[in-house]
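Please treat every number below as a calculation from the coordinates, not as lab data. For clarity, every value in this text was computed on a predicted model and none was experimentally measured. Glycine also receives a Cβ, built like all others from the backbone with ideal geometry; neighbour counts cover every protein chain displayed.
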Amino acid sequence: MKFGLLRRFFCALLFFLLQDSILAQTVNAQSPDEKADEIGQQGISASVEGVDNYASIQTLAGAKLNAVPAIVEQLESQLGQQGLSLFEAMLAGRLYYRKSDSQVVIIEKQGSDSDNYLLYDSLTLKLLGEEATANFRKVRVNNKLRKQLRTTIARLSLFSNDVELRTESIRSMLDKVDEDTIDLLNQLKEQETSESVLSLVDLAFAIYHFSDSDEQSIRLAALNTMDGSLEPAVRNLINRATERYEDGTYAEVDTRVRRKAEQIKSGIESKVAFYEFLETIFFGLSLGSVLLLVATGLAITFGVMGVINMAHGELIMLGAYTTYVIQLLLPNHIEYSILLAIPAAFVVSGFTGILIERGVIRFLHGRPLETLLATFGISLILQQTVRSIFSPLNRQVETPQWLSGSLEINSVLSITYNRLYILIFAVIVFLILQLILKKTSLGLHVRAVAQNRSMAKSIGIRTEWVDAMTFGLGSGIAGIAGVALSQLTNVGPNLGQSYIIDSFMVVVFGGVGNLWGTLVGGFTLGVTNKFLEPMTGAVLANILILVFIILFIQRRPRGLFPQKGRAAE
Amino acid sequence: MTGNSSLATKQHTLAQHTLTQQLSPLHQLREKAPMFIAVLFGVTIYASICNQFVPQDSIFYVSTYSITLLGKYLCFALLALAVDIVWGYCGILSLGHGAFFALGGYAMGMYLMRQIGDRGVYGHPELPDFMVFLNWQELPWYWQGFDQFWFAMLMVALIPGLLAFVFGFLAFRSRVAGVYLSIMTQALTYALMLAFFRNEMGFGGNNGLTDFKDILGFDLQQDQTRIALFITTAIILAIAYCASVMIMGSKLGRVIIAIRDAEDRSRFLGYKTEIYKVWLFVFSAVIAAIAGALYVPQVGIINPGEFSPLNSIEIVVWVAVGGRGTLYGAVIGALLVNYAKTRFTAIMPEAWLFALGALFVSVTVFLPQGIAGVLKENNWLRRLTQRTAQPAGGQA
């Protein structure tokens, strides 16, 4: 399961990058003043050029091995960066041609049990269809050709117009800097304008000089350039230089260089530790935001009505399934379906919540333990309903492109977009809820009922109606949490169950009837959990947190931020 | 005295008799136990005889499978009794009694594992199979002594009792009550479940303990052993039932009921309510643990799934269905719901959760007193019990 997700994620990432570079190329190929006009016609002109390009590509089919280098060179000059995907596929051995008509395509194998290949267009990577493996033959490559392809790819991406791609390309070279790459980089340096790319080029030079040169001053200067860099290549190099063998000698003979390297190593290590610390905090906040999302709805129903809603987890699950259903309904608009799913999930779960309140909880007023049991029964029914409709298997919810991928701050710290967005989303939901509670008349009534039910009733608030609305609101937020969770975990009938205890812990820890308590509680537990994890492992960390809360409740039975006043009793 | 009588009126099961009569635990026992014990042993002995002495093709024959099933139900009845003691009589809704049940089961399971000896798959004279599989070299310290039956039985009661004591002491001293307490107990069993799922804990991880061979030298697969276990369960259920009736009939029991109905008032009257609650909780936990210990040899496996919060909540439903606050109600509820579960999961497995869920909702909304409440309203059982109890009551 995990592997599948990961692969999907990387495919999407790769696809994204490649497509970007192709688009950038076609647009930038024209002069700036023509660009505006051309963009409209781009589709047409590309297809006209395309025919010609495909004809050239077809010469690869069945060509003799010693003729191929020339063809590749010709293709490189003709296609430019458009050819990147073609060359990469060729290098990876995924470029095939059909025996009957010599059409060249990129294939994807479909696992051992399938006799078909998935076919992709060699330039645009568009999915063309599926065909029997027997119809195709591979475009052969040998080692010499592979080397040529590698330099071609490096050259193409190095001189691409996309800064990202240039950076990526230099990074991949850092591991093995040789004279050829230095030549290429020298050419690049003359025309490069981006600061970050230039500093990477300098780094590449430094790595080259450090390994290549014998002169102490050059090597020390190279080390100076490398100081503070977090590139894995640099870290490996420094580690190798400071390595001490078992017989007491060092890998690096020059003492001054070694000292300098050791100094840099400790600097880099503390920097790495710092970024890893930041990463742990981010993961903690991310977990905290999930906890906040799942607990907020509960905090409202529990805080206002004193009702333990054991079906809360299932309302979250309903939200996740709503996301799934909307994706099924709009298969061509994955990008927007998730945005549509948010209000939809709110309505579905909120409506279910109101039904539960009107149908069952209303009759159990003032009997919290019975309410707990009844709502648990409802949770079983909801679970089984979903299981009957959607099957007990987990369902896949597609991740839209803008949610996949990650924000790379440096080579140690990278932040995945889905977690980042969910963190922001949780905070926004929380703030909107605060706004509703503080600024609307519904919020006023809700707070009044929470503080003193009978007094609120006697001054004319329809407590029954407020109860239903509160329950609907809390349940709706559970549904929204489900949308967020569908991006992080598998959507299955048991999705809610695994969160119900955690969210109760957050509410109880933060203090019932206090939303800020839930916020602080959620983030505290999330961050603590992630800091414990490296030491104890995930499961033990979870257990420790539970034990901690059990003990904490003994000390402060009303949570971190207890509600004040007599009404709270 | 006036305080006592006002509390006594609140307790439905005590009505007709005078106060002096009610105050005697023995009287309570004489009034409530005979019918229960008669039915229990009647069924037990009938089933055993039909299994052993009736030929297999007769319609009166009771298969060994049914015997084991009945024994399992009786374990659940014992467990329901334990929950009823704390919930029905003291208002402590524990959603974690499955934890004590499972701990008792694990203690018994450890004894049974040690009894396997070198008959395991790997044939190691001392280590259970899963430890050999995990490349463990020697028995962990907490497995020492479990080859002795008396020690294992001691641990069955001691470990869950100790856990209940520590947890109860901490919780009741700081006056954690109501839904908070319920959630805490649920967290307790959840935490234990996560812990027991870990292989490093040394309790067989995911798979738990299974593949037992014999108990006290008797083969677990044999009909006689199974009948003996079944009868033992019935006897222990009877003892636990009588003990509970006596406790609830004593002054201690009346204080406990007072705590359920008005804890603050009882405290103001000078009772240390937390002490009463802690000891009742421990008593209940030990009964649950014994139920677990009896359950494991009959079903032949114990795994961390027994700790799951769902199981603990199911127990509460048995009690709710049967009628809380009446000991026989808990037993009836456990038997009925489990019988329904067996039938349902055999006929249409998907429908079971619907049925269970509907049961939860309908019982709490329409039948807050459970089946026992219905019976009481219809009064026929009362007339019946009064008739049997009358001669005994007259003598007292």
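Side notes on the structure shown:
- C-alpha long axis of helix B:309-322 to longest principal axis of chain B, angle in °: 40
- Extended-chain gain in nm, criterion 0.36 nm per residue less alpha-carbon gap, A:V547 and A:Q263: 97.9 nm
- The longest part of chain A holding none of the exposed loop trypsin sites (Lys or Arg not before Pro), meaning those outside H, G, I, E and B in DSSP with at most 15 other Cβ atoms within 10 Å, is A:177-461.
- Working note: Karplus 6.51/-1.76/1.60 with θ = phi - 60° gives the stretch B:129-142 the couplings 3, 5, 6, 4, 4, 8, 6, 7, 8, 9, 5, x, 4, 6 Hz, where Gly and Pro are set to x.
- Prolate/oblate/rounded label for the stretch A:475-569 (Cα gyration tensor, a/c 1.5): oblate
- Under a model in which nothing but the beta-carbon of Lys, Arg (+1) and Asp, Glu (-1) is charged, chain A shows a dipole of about 2780 debye around its Cα centre.
- Total charge dipole magnitude, the stretch A:478-569, about the Cα centre, Cβ charges on Lys, Arg, Asp, Glu only, Debye to nearest 20: 360
- Counting neighbouring Cβ atoms within 10 Å and putting the fewest first, the residues B:S66, A:S266, A:S160 line up as A:S266, B:S66, A:S160.
- A dipole drawn for the protein assembly as shown from +1 and -1 charges on Cβ atoms has a positive end, and of A:L380, A:L519, B:F133 the residue lying farthest that way is A:L380.
- Cβ-to-Cβ counts within 10 Å put B:I37, A:I409 in ascending order as A:I409, B:I37, the fewest first.
- Scanning chain B for chymotrypsin sites (Phe, Trp or Tyr not before Pro) that sit in a DSSP loop and have at most 16 other Cβ atoms within 10 Å, the longest stretch containing none of them is B:137-270.
- Tensor-based shape of the stretch B:2-311 (alpha-carbon gyration tensor, a/c under 1.5 rounded, otherwise prolate or oblate): oblate
- Cleavage-rule hits, GluC sites (Glu not before Pro), the stretch A:147-221, DSSP coil, Cβ neighbours within 10 Å at most 12: A:E215
- B:E126-B:V166 FRET efficiency (beta carbon distance; Förster radius 30 Å; 0.05 resolution): 0.45
- Computed label-point distance, nm, for sites B:K251 and A:L118 using a 7 Å Cα→Cβ extension: 7.9
- The protein assembly as shown - Kirkwood radius from inverse mean 1/r over Cα pairs (Å): 33.4
- Three-way shape label, the stretch B:104-181, alpha-carbon gyration tensor, a/c 1.5: prolate
- Aspartates and glutamates whose Cα lies under 15 Å from that of A:K147, excluding same-chain neighbours fewer than 8 positions away: A:E73, A:E76, A:E88, A:D178, A:E179, A:D180
- Gyration tensor (Cα) of chain A, equivalent ellipsoid semi-axes in angstrom: 55, 33, 21
- If only the Cβ of Lys and Arg carry +1 and only the Cβ of Asp and Glu carry -1, the dipole of the stretch B:2-311 around its Cα centre is close to 1340 debye.
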